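Some notes on the structure that comes next.
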């Protein structure tokens, strides 16, 4: 954490929440039609084999139409810089963000060990290559 950022320590609103709330380190304004990097004052040292994902807050999406441009944003175990949240405001008006506002949520997860393999063909499934709405509208 930055010095003087003790009030910004990520926390969970409820013990059974999956994600930690991330808060803005400063006052700023999200301009209409622009992505803005919002600093959090948080620095992480994740163990190798873990990642953190930064995700939108549902209330900001529903009530103010705000989203995260890079969602989910991935924080790798080797990263040591400040966690920043890339927020997007589609409008219709600038949106004020104040120090301490909850702006995103962060999930920390263990990564499964996976080894990629080059193959000549894939096994068959019922779905096959169907995607992008192939299962119907409902």
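Each reported figure results from applying straightforward, stated rules to the coordinates on display, with no laboratory input. Treat the numbers as computed from the prediction; the structure is a model and nothing was measured. FYI the Cβ positions are ideal-geometry reconstructions off the backbone, even for glycines, and counts take in every protein chain you see.
Structure values in brief
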quantity: Count of residues meeting criterion [touching a residue at least 24 places away in the same chain (Cβ under 8 Å) and more than 9 Å from the chain's Cα centre (by Cα)] in the range 59-68; calculated: 4
quantity: Filtered residue count, the range 9-28, keeping only those that are assigned to a strand (DSSP E or B) and either loosely packed, with under 12 Cβ neighbours inside 10 Å or within 14 Å of the chain's Cα centre (by Cα) (or both); calculated: 5
quantity: Among the candidates 52, 121, 77, 109, residue that is in a loop (DSSP other than H, G, I, E, B) and either within 13 Å of the chain's Cα centre (by Cα) or surrounded by fewer than 10 Cβ atoms within 10 Å (Cβ to Cβ) (or both); calculated: 121
